[in-house]
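Since the structure comes first, as structure tokens, the remarks are kept for the end.
Values quoted throughout were computed directly from the atomic coordinates according to the rules given, and no laboratory measurement underlies them. Everything quoted here is computed from the prediction, not taken from an experiment. Cβ: placed from backbone, ideal geometry, glycine included. Neighbour counts: every protein chain shown.
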Amino acid sequence: MRDSRMLTQWTKSTDSLELQEISVALDKPYKDIPGTTVFDSDMARAGYHVNQFCMTLMKAENRERFLADERAYLDEWPMSEEQKQAVLDRDYNALLKLGANVYYFGKLFFTDKVSFQKGASLMTGMSEKEYLAMMVSGGRSPEGNRYIGEKDDG
């Protein structure tokens, strides 16, 4: 039996959109990378509408509409309630787990007048200064950040 978890996605029937749960495989070779959510085809399907929403923020008039009434703007999109709440809370790590891609929701950083660097630091729990220092010194250490299974491979 395949190890899986449930995500929600919208599907289009003949004349309407319906929210359905989809099973996504967890038995992937990259599932055990500590602190990493891999954006694969399952995540792309689950996050399709939240990523499309983020792309609308490239236009000034959409950013203005969104900032004027965030909930109303989000309700125009067939996203799960959990995805909408993550946007409202600016919970970027939750957005990743719900299928959003950082390169799409980076538009949300910019809408809030937050640099990508600052947004990334918020996701790591580091201050922006600590995050910058880590990146300038070569990024996150690979020690302890490889596949957990590699520890047994020598």
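Things to note:
- For GLY99, residues with placed amide H under 5 Å, excluding near neighbours: none
- The local environment of LEU122, defined by Cβ-Cβ distances under 14 Å, has a net charge of -1 under the rule Lys, Arg +1 and Asp, Glu -1.
- Backbone HN-Hα couplings from phi across region 49-61 [Karplus 6.51/-1.76/1.60, Hz, Gly and Pro as x]: 6, 5, 5, 5, 4, 4, 5, 5, 6, 6, 9, 4, 5
- Subset of LYS31/LYS113; LYS59/LYS84; LYS28/LYS129; LYS28/LYS113 violating a 30 Å alpha-carbon distance limit: LYS31/LYS113; LYS28/LYS129; LYS28/LYS113
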